[in-house]
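The values are calculated or read from the model by the stated rules, or taken from the named source; none is laboratory data. Remember, it's a predicted structure, so these values are computed and weren't measured experimentally. FYI the Cβ positions are ideal-geometry reconstructions off the backbone, even for glycines, and counts take in every protein chain you see. Accessible surface is based on the protein model in full, side chains and every heavy atom, while ligands, DNA and RNA are left aside. Shrake-Rupley method; radii C 1.70, N 1.55, O 1.52, S 1.80 Å.
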Amino acid sequence: MINQMNKVWKRLLLLAVLTAAFALPGASWAAEKPDAVKKDLLEKGKKVYFKRCVWCHGVEGGGDGPSADRLFTRPRNFNQGTFKIRATDSGHLPLESDLVQTVKNGLPGSAMPAWGEVLSEDEVVAVVNFVKTLLVDRSFDDADEEVEVQQFGEMPWKTEKGPLKEQNLYLGGPREAIDQGREVFIKNKCFECHGGMGRGDGNPTMKDDWGFPILAADWQQCWNFRGSRRDPYNPGNIVRAISTGLNGTPMPNFREQITVEDRWKIAAFVNSLCPRKKIDKLTNKPINDFLISSMYTKEAVAKKIDDPMWQAPDDDPKLVKRAKDYPGTLNKKHYIGMAGQITRGDRNFKPKVDNLWVSSRWNPDEKAVYYLVEYHNRFLPTTPEFPEGVAIQWPSKLQDLYGAEKPYFIYGDPKKPVDIWKAVLLPKDYNPTAPPKDDGFQLDVHVEELNGAGFDKVEKKKTPPTVEIVDSVFKQGRVKVLFRRSLETANKDTDVQIPSEKFIPVSFMQWSGVNKEKNEHMAISTWYYTILEPTIPDSIYYMPPIMAVTFLVLEGWLVWMTKRTRRMYDEGKVN
Amino acid sequence: MNNNKSLTSVILLLVGCGVFHYLLFPIFTPKEPGWFLNRYVYFLLLVVYIIAYNIILNLKPPMFFKATTVWGVGYYFYDAVLHPHIPWTLRITYMMLWSIGTFLYITQDPVTFKEFRKPIVKTIVGDYRMARIVVFIALPVLVGFATYQSLLPKFEEPVELRTVHPAPPATTKVHGKSYTLEGLQNPFRIDEQDKYKDSFPFLDADKQEYVKYITEGGTIFFQNCHYCHGDQLNGLGMFAHVFNPTPANFVDSGTIAMLRESFLFWRVAKGGPGLPNESTPWSSAMPPWEEHLKTEEIWKVILFEYWYTGWHPRTFDEESSSGSEKKKE
């Protein structure tokens, strides 16, 4: 009898809680018990763990495997039960399904790969349960542990998938939601860490729970979002992060401060910042634009980066049409993937820059070519000892290259030297904690023209300077440098002579001063090609009509012939 | 009556092809094709369907329509069904042959040829007024457009071919010592690796010497190699997207599974710069590991790669040499 009364009470209570949950938007579910460890899976899980995971996460799950010291971000330390990507409240343990999702999809932007295609479902569940036993400070089986699963609601608007079959681009978030999201973003001071434009350039001094340095997410590179679940443009991932916070990091949850509707609006805003690119399914990064075309420019090329001549949306023009009133006239920006130089000499395992965006124009009357190199770096150095730097590398002697031959991509080789245009940058009146300036920071900039014949044989050229930096700026976590050089120079020995309408190998290097990068300790790209596009021939305007008319005449002749033959049939001359 | 039949035929063809392509094709192309659920059975069914409704309903479509259907089905086969997808140059060749075949079918006797020509002639002389207007306007526009396209400057990045596994040299010098690659063995391969499938690196390293070597090799791998070759050894490390050529995938049956350990020793020790020209040494990000690792560390990494992926290295003609000995007997 008492038992039954109890049951009724429990049900009533549950009902009340459920009603409350539905009535108050953003209110959380009632506390539940965390998913207990499935003991029967541990043996299988251990086997997977010690083959696949131990190398980074360590024998006891302390995030101290052999690779740990050479990784940024460091592998997760499981001992404290602190997991970033969850559906549960801040500080709570994750659900088993959260961990399974993380193992399956990996953590983009870090070394944690997606195991979904390598391990079977059973193996993933097993290894997750084994990981749950590696907790030291708390336990999934603890009677006192509670988890509150958060409610995120549904995306309140419809989005378009975009033209790609294999990838949802979530296009067309409503303008009002984006604008209102921006206001919520400002009101809640998200910029204090994520920066004014969301490039993660707000706070240079952040640490995680273990005292290791940590950076705020760069919202304009959503393919590197840890919680993006290999669906980088999905705003749902952002709502989850705002609702639950990221345990172990300075990212709190905002479930009290921001209603669910407003969280979706922030998500719309954040999502609108990320350029739409075709993402490689395997590497989960945008596909490199291996051909950098230099746009034929008849009028004088603008020497200011602000000029519409140097503006183009970051989106791939094939995926997103630019707005009709968009002022920029540049064709497109080319995406260049960057990695640490981990091949020769002093290797760089923790580069700060993941990619560059390059665009180019050339003018035949001026006989000069311009390259605009842009990249995101949250913070720039303040000491001249380790300045910021970005460089374009060319083969010095194109005429000596046979077929696909190129110089060695790290500073060339003795037989095939390289010509390097290096911009050395230091921002003026800047410190990393300074509030953002509307028109950005001007840069103290000079060019080093280098001649490379091997990673340990790099010299400054002694010939007169030929490369100019005509404009440069550092604004809210983004560096822009505009290089200019005449196509031909007097010194034909070590300066590359740039022909038009030819594929020319080119590659890029970048040095982050705050990361103490110098010489071969840098970020580097592989060889790309650039081409100075020719003008569109005048014949394109009169040849098509001429051909069409000629064809029409031919058709008339065919009609006449056919009719004549038919007449001959009718008259019985042929049969 | 006849017109009605032709119309039925056209509708059945269009609707049937639509149903086949959008509903049945996904069903017949599962991830793991079976003996029935595969794309070629699907294509046969499509052909059977087209023949069947024509015979059963006694539609007798006109020759021109038959010919275009045959041609179209052929095009569909090369475009969508045949797998893997063939390059367009090859497809043009195949379609030429297919067109010739279709033409032979049309011209098998003068009557069929005449029947085939009939709608064309009628269009040309203007018996089909609308058709003539449409065709005679559309074709010149197409010609103009093609001219425009051919004059518009377009650039694609040049295609570069490279040899993935070049021929190794006879000898290689690592850390001042010269090695003959023929017959060179991994000094740490002291036992059969399959025995250690269920052993735990680190935990069993004190108990089993082999596992100790695997643990050491794995440690080196995860401090140096995983950035490109990946935590899963599948060539998808965190820096892999940057480099071209892409890092080798050791899980694939085309890399370490078909190579000797001595080949790997040479490749690892000499890296990208040690490649011959046909393998584009200038863009390989593979370090000459002799600059960073000791000789025994290189061997241990190789041992680890085989243990982790489960592949066995190709051996030095044990089979063929033992075979020749048997012949002598």
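The loop-placed chymotrypsin sites (Phe, Trp or Tyr not before Pro) in region B:37-138, going by DSSP, include none that has at most 14 neighbouring Cβ atoms within 10 Å of its Cβ. Other protein chain C-beta atoms within 10 Å of residue C-beta, averaged over A:547-555: 6.
Placing dummy labels 7 Å off each Cα toward the beta-carbon, the span from B:K154 to B:V48 is 4.1 nm.
Extending 7 Å from Cα along the Cβ direction at B:S99 and again at A:E488 yields two label points whose distance is 4.6 nm. Take the Cβ atoms of A:K304 and A:S97, set R0 to 41 Å, and the FRET efficiency comes out at 0.20.
Applying 1/(1 + (r/R0)^6) with R0 = 51 Å to the Cβ-Cβ distance of B:D252 and A:K573 gives a FRET efficiency near 0.10. Rounded to the nearest 10 square angstrom, A:R74 shows an accessible area of 70 square angstrom against a 1.4 Å probe.
Label zone of A:D314 (point 7 Å out along Cα→Cβ, amide N under 14 Å): in region A:270-286 this covers A:270-278, A:286. Interface between chains B and A: roughly 6000 Å² of accessible area buried, both sides summed (probe 1.4 Å, protein heavy atoms only). Equivalent ellipsoid of the protein assembly as shown: semi-axes from √(5λ) of the C-alpha gyration tensor, largest first, are 51, 39, 36 Å.
In debye to the nearest 20, how big a dipole does chain A give about its Cα centre with +1 on each Lys and Arg Cβ and -1 on each Asp and Glu Cβ? Let's see the in-between values first.
On the way: 81 positive and 77 negative charges, 242 e Å.
The calculated dipole for chain A is roughly 1160 debye.
Based on protein heavy atoms only, region B:171-319 ends up with 39 Å² per residue of surface accessible to a 1.4 Å probe. Using a Gaussian network model of chain B in which every pair of alpha carbons under 10 angstrom is joined by a spring, one finds that among B:L233, B:L57, B:L303 the greatest mean-square fluctuation is at B:L57.
Report Rg(Cα)/(2.2 N^0.38 Å) for chain B, keeping two decimals. Don't skip to the end; give the middle numbers.
On the way: Rg = 31.2 Å, N = 329, 2.2 N^0.38 = 19.9 Å.
Here the answer is 1.57, to two decimals.
Applying a 4.7 Å cutoff between beta carbons, the unpaired cysteines of chain A are A:C53, A:C56, A:C190, A:C193.
Can you tell me the length gained on complete extension of the stretch B:I27 to B:Y75, counting 0.36 nm per residue apart and subtracting the Cα distance? Show your work: numbers first, answer last.
Values: separation 48, 0.36 × 48 = 17.28 nm, distance 2.11 nm.
Full extension of this stretch gives 15.2 nm more.
From the alpha carbon centroid of region A:313-389 to that of region B:120-185 is 29 Å.
Computed over region A:175-273, the Cα gyration tensor eigenvalues convert (square root of 5λ each) into semi-axes of 20, 14, 13 Å, ordered from largest to smallest.
The gain in end-to-end length when the A:D142 to A:K165 segment is fully stretched comes to 3.7 nm, 0.36 nm per residue minus the alpha carbon separation. Taking a straight line from the alpha carbon of B:K177, these lysines sit under 24 Å away, with near neighbours fewer than eight places off in the same chain left out: B:K270, B:K294, B:K300.
May I ask which of A:K321/A:K480; A:K84/A:K350; A:K303/A:K480 have a Cα-Cα span longer than 19 Å here? With Cα atoms farther than 19 Å apart: A:K321/A:K480; A:K84/A:K350. Determine, from the Cβ-Cβ distance of A:M155 and A:Y326 and an R0 of 22 Å, the FRET efficiency 1/(1 + (r/R0)^6), rounded to the nearest 0.05. Step by step, r from the Cβ atoms, then E = 0.25. Gaussian network model of chain B, Cα springs within a sub-10 Å range: biggest mean-square fluctuation belongs to which of B:I190, B:I56, B:I137? The residue with the greatest mean-square fluctuation here is B:I56. Give me the percent of accessible area attributable to carbon and sulfur for region B:2-151, probe 1.4 angstrom. Summing carbon and sulfur atoms, their accessible area is 75 percent of the total for region B:2-151. The heavy atoms of B:W311 offer some 80 square angstrom of accessible surface to a 1.4 angstrom probe. Calculate for the protein assembly as shown the 222 nm mean residue ellipticity that helices alone would give, adding -39,500 (n - 2.57) per DSSP H run of length 4 or more and normalising by residue count, nearest 500 deg cm²/dmol. It comes out at -10500 deg cm²/dmol, rounded to the nearest 500. For the set B:E192, A:E43, the ranking by accessible area, highest first and with no ligand, DNA or RNA atoms included, is A:E43, B:E192 under a 1.4 Å probe. A cut-off of 5 Å between modelled amide H atoms, ignoring neighbours fewer than 5 places along the same chain, links A:D444 with A:L426, A:K428. Helix A:96-105 and the longest principal axis of the C-alpha atoms of chain A enclose an angle of approximately 20°. Along the Cα-to-Cβ line of A:E501, 7 Å from the Cα, sits a label point; which residues in region B:144-167 have backbone N less than 17 Å from it? Residues B:150-156 fall inside that zone.
The heavy atoms of B:L184 offer some 30 square angstrom of accessible surface to a 1.4 angstrom probe.
I want to verify the translational diffusion coefficient of region B:2-151 in µm²/s; compute it with Stokes-Einstein, Rh as the Kirkwood radius over Cα pairs, at 37 °C and 0.692 mPa s.
On the way: Rh = 17.9 Å.
It comes out at roughly 184 µm²/s.
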